[in-house]
1. In the range 54-79, which residues are assigned to a loop (DSSP other than H, G, I, E, B) and not aliphatic (A, V, I, L, M)?
2. Do any strands (runs of 3 or more DSSP E) lying entirely in the range 1-53 carry at least 2 residues that are within 10 Å of the chain's Cα centre (by Cα) and closer than 27 Å to V75 by Cα, and which ones are they?
3. In the range 14-53, how many are more than 21 Å from L65 (Cβ to Cβ) and without any contact (Cβ under 8 Å) to a residue 12 or more places away in the chain?
Amino acid sequence: MWTVDPATGRLSEKLATDYRFTYLLSDRQGAALYGLDPGSPYWESNVRLVRIDPATGNTLATRALDADFWRIAVVPMAAPPSGAHNVWQ
């Protein structure tokens with residue numbers, strides 16, 4: 001993950017160097033980045049969902065996932081899910 005200087009389009013700094021993201025996206029407010037690190041070339045081990053502070057590049061949380069092929073997306077919802085749902089538990 002690199003920061004980009006919007007004036008020049010040049011890569012300026014590499015962040016979150018412990019990860020190799022296949023997907024990286026922002027939440028709707030821009031308060032966090034979410035990335036999928038496959039852990040290995042064929043998603044065989046150490047797959048992680050990572051939450052990152054976009055201002056600093058610091059890891060806020062990680063979640064180990066089962067070895068499998070994963071994707072993430074941000075979508076609008078008519079209403080939030082009811083009940084206790086927390087991916088970081």
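Values quoted throughout were computed directly from the atomic coordinates according to the rules given, and no laboratory measurement underlies them. None of the values given here were measured: they were computed from a predicted structure. Methodologically, a virtual Cβ is constructed for each residue, glycine included, from the backbone with ideal geometry; neighbour enumeration extends over all protein chains shown.
1. Correct list: P54, T56, G57, N58, D66, D68, F69, W70, R71, P76.
2. 23-26, 33-37, 47-52
3. 1
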